[in-house]
Structures are given as C-alpha cells and as structure tokens.
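To keep things clear, I will list the structure first and then write my remarks on it.
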Amino acid sequence: MPTQQKALFLLEPHGSFTVKDTSVPEPGPHEVLVEVHAAGLNPLDWKIQVYNVFVSEYPAIIGSDAAGIVKKVGDGVTSVSIGDRVMHSGALTNARGTFQQYTIVPDDIVAKVPENITLDQAATIPAAAGTAVLAFYNQPGTPLGGLGLTAPWDGGRGKYAGEPIVIVGGSSAVGQYAIQLAVVGGFSPIIASASLRNEAHLKSLGATHIVDRNAHLASAVKAITPKPVKYVFDAIALKDTQEAAYESLAPGGILLTTLEVELDRSKLSSDKRVTMVYGEVHAPVQRALGQTFYKYFTEMVATGELKPNNVQVLPSGLAGVPAGHERLKGNKVSAVKLIAHPQDTL
Ligand SMILES: NC(=O)c1ccc[n+]([C@@H]2O[C@H](COP(=O)([O-])OP(=O)(O)OC[C@H]3O[C@@H](n4cnc5c(N)ncnc54)[C@H](OP(=O)(O)O)[C@@H]3O)[C@@H](O)[C@H]2O)c1
C-alpha cells in the first residue's frame, strides 16, 4: 500500500483546482479505505467552488461519488472485505472526498458493486440515487424533507399503482433515479420533462410519457392524465421549473425540490406542500434511511431495478475534472454522468 497519493485540491474559497500529492488516509474503527477507480462529477462540485458552500477547511478535497476496490478495513468492519468492488457517496472532508486516489467511507453506507455493472457505471449511482431515495422516502418537512412515500423495503413496491407522478428534469442524474423509484412504487403514468432527444432512454428506464422541457408542463400533464397529480419531483428546481412544477400539482399534493424553494411561501396554497431534499446519507438526521438504502442498494442494482446513468469518462485522471465542472456549469451535459479515473492521474 502506498503512503502517498494524488488528490485534486480546491485551494481556497472561490479558488482553482490543482492536483497535489498528499498522504493516504488511514481507516479508523468502522471505516473502509477505498482505492477509487471511478469518481463521479456532480453539479455540487462547481457550486462549492463558485459559492464557497459546505466546505470549511481549505485546501479541500471534494467529490461525492466513488466506486473502487476495498484496500483496508478498520476494526469492526464486517459489511465489506479487502478486495471487494464497492460504491459509495463521498462526504465533504479531506479524508472522505472522492477526488483522490484513496478515500475513506464509514462501513454502514458503502455497498458492494454487483457483477452486472462496471465501476464506471457504479460511480454514477450513490449520490444521485441516494438523493432520490431520501427525496422519495423521507417524511415531508419545511424546509427540508421528502415526499413521504413508502419505501420498497417497507412494503411500498407497487403500492402507488394508478397514481400519477411528474418528474421535472427526468434526464438529470437524480431525475433518472427518480423515474426508476417511481417504477418500483408502481406509479402510473410516470411523466418526465426533458429534451426530446432523451425520450427513448427515459422510456427505457420506465417513464411512460416525456414532455418537452420547453412545453407548458401543466397543460401537457392534463392532456396525459385526468387524474389529480399528488406527487411532483422537481430535479432541476430553478425558479421557472419550480413554478411549472407547482402549477402541475393538484390540491392535497406535494412538490419536492432539489434546490432551495424559490416560490414565495406566503403565496402558496395551504393544501399544497413544498419540501426540499437534503441528499446526504452521511447526515446524522437521515443516516438511518441511508443505512437502510445501503442494505438494499446492491440487490436493487443487481436485479436491474436501479440502472446506472450512461457514462462519459474524462481524460487525464483527476486533472480532467475541472474541465468537466465547466461543462456541468455551462449546462453542456445531457443525460450522462461524467466520470474521472483517479488512478490515471499523472
Ligand atoms: N438537494 C440535494 O441534496 C441535491 C442532491 C443532488 C443534486 N442536487 C441538485 O439537483 C440538480 C440536478 O442534479 P443532477 O446531478 O441530477 O444534474 P445533471 O445530471 O447535471 O443535470 C443535467 C440535466 O438537466 C436537465 N435539465 C436542465 N434544465 C432543465 C429544464 N429546465 N427542464 C428539464 N430538464 C432540464 C438536462 O436535460 P436535457 O439534456 O434532457 O435537456 C440534463 O440532462 C442540480 O442543481 C444539483 O445541484 C441537489
């Protein structure tokens, strides 16, 4: 085992990213050291750089998605073993960020990668699917919470048969997992907004109807189903998509956003709830739901219930990550997850 590794550091608030040498972290009790073969990029990465949010210690190693090989385990670890292929969501500390060659994860929120997917595919799942899980199965709250749906492991499989759901931004990483969780719950129809070039892919995941993201959402939804829409999941959650999502929601329904609610809460109808997901399985307030998901995670992927996003691998290992961030920031990524290979860093 090397004692030194390469990591991508965000040097200072609003600063630039640079690859530097640093020490390989040591796993403590109930921690796992993962050799990161694939690290997924997320919009959060560039938002941390631009807005200086969520990180308190600089230079910072960030990154929220990893898949790789277990290299060491701390005392008490029984969930995984050395040599296992695993996937997990990183956290925003230097030992736990995923833009490095070796990272640490707690043993209760790491899952084995089943044989049917590659490590690149696996690295698309943890943060986005974890967010969709917390969004579907957490109880509603103000401002943070979920849709309050029954999870498949609690008897929710097929429970929502005949119930419509609208997913704004179906081709986003989070939106694709939301579509698939809607399928598991039995929702029908599953209406997703996206660019129409992504229609076939989203239907292959289980969406029943795709609405052009430039169309008037509420009218399009009404043309598809006469039923009141009680669940709307806005994976994009910009002001205009929130307004369109809210307009599509029926009285008695709930809107879930992935970004802060920009609707004027004082003007919201008392019979429509709005809540925002906090997609972080590491957080103590929702760790229990995260742990439960990680127990079922491998099986859901192995059975094909959760299919990974399509991937595009960036060149130059960790040095290629900042160019990927620029593409995400410029809205130049469509229905694909950008992946870096930290082990290819020169
Ligand atoms: N609250 C949390 O904890 C949490 C967790 C994860 C993510 N997020 C946030 O959730 C958002 C989505 O993240 P992500 O990783 O899933 O994003 P992503 O995969 O990078 O999103 C790219 C997709 O967004 C779609 N899109 C953009 N504008 C759209 C619009 N107006 N209508 C419909 N689709 C639109 C594009 O669709 P087309 O190419 O089909 O046009 C594209 O496929 C980000 O803002 C992220 O920061 C929040």
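Please identify the longest segment of the chain free of exposed trypsin sites (Lys or Arg not before Pro), where exposed means a DSSP state other than H, G, I, E or B and no more than 16 other Cβ atoms within 10 Å. Of all site-free stretches, the longest is 160-331. The GluC sites (Glu not before Pro) of the stretch 1-93 meeting both criteria, a DSSP state outside H, G, I, E and B (loop) and at most 16 other C-beta atoms within 10 angstrom of the site's C-beta, are Glu57. One quarter of the convex hull surface, Cα atoms only: what value does that give for the chain in nm²? Approximately 16.3 nm², given one-decimal rounding. One chain, two ends: Thr303 and Tyr58. Fully extended at 0.36 nm per residue, the span grows by 84.1 nm beyond their Cα-Cα distance. What are the lysines whose alpha-carbon lies under 27 Å from the alpha-carbon of Lys272, with same-chain residues fewer than 8 places away excluded? Counting by Cα, and skipping residues close in sequence, Lys272 has these lysines nearby: Lys159, Lys222, Lys227, Lys230, Lys239. Look at the alpha carbon pairs under 8 Å that are at least 6 residues apart: their mean separation over the length of the stretch 128-276 gives a relative contact order of 22 percent. Computed over the Cα atoms of the stretch 249-314, pair by distinct pair, the Kirkwood hydrodynamic radius stands at 15.2 angstrom. The three principal axes of the C-alpha atoms in the stretch 5-129 carry coordinate ranges of 39, 28, 21 Å, sorted with the longest axis first.
Computed over protein heavy atoms with a 1.4 Å probe, the accessible surface of the chain works out to 41 Å² per residue. Note on Glu243 and Arg265: the model spin-label points, each 7 Å out from Cα along the C-beta direction, lie 2.1 nm apart.
Could you grab the relative contact order for the chain? Cα pairs under 8 Å, six or more apart, rounded to a whole percent.
On the way: 859 pairs, mean separation 62.7, N = 346.
Worked out over the chain, it gives 18 percent.
Solvent-accessible area assigned to carbon and sulfur over the chain amounts to 52 percent, based on a 1.4 Å probe.
Residues considered: Gln139, Gln242, Gln101. Largest GNM mean-square fluctuation over the chain, using C-alpha springs under 10 Å, is found at Gln139. For the stretch 128-276, the convex hull drawn through the C-alpha positions has a volume of 93 cubic angstrom per residue.
Note on Thr118 and Lys203: the model spin-label points, each 7 Å out from Cα along the C-beta direction, lie 2.7 nm apart. Using alpha carbon centroids, what distance separates the stretch 154-187 and the stretch 35-79, in Å? Centre-to-centre (Cα) distance: 27 Å. For the set Lys47/Lys307; Lys20/Lys307; Lys72/Lys332, the pairs lying more than 32 angstrom apart at their alpha carbons are Lys20/Lys307; Lys72/Lys332. Does the stretch 65-164 come out rounded, prolate or oblate, given a ≥ b ≥ c as the square roots of the eigenvalues of its C-alpha gyration tensor, rounded meaning a/c under 1.5 and, failing that, prolate meaning a/b above b/c? Prolate.
The values are calculated or read from the model by the stated rules, or taken from the named source; none is laboratory data. Quick caveat: nothing in here was measured; it's all calculated off a predicted structure. Reconstructed Cβ throughout: ideal geometry from the backbone, glycine too, with neighbour counts over all protein chains shown. Just so you know, the surface numbers come from the protein's heavy atoms only, side chains and all, with ligands and any DNA or RNA stripped out. Shrake-Rupley method; radii C 1.70, N 1.55, O 1.52, S 1.80 Å.
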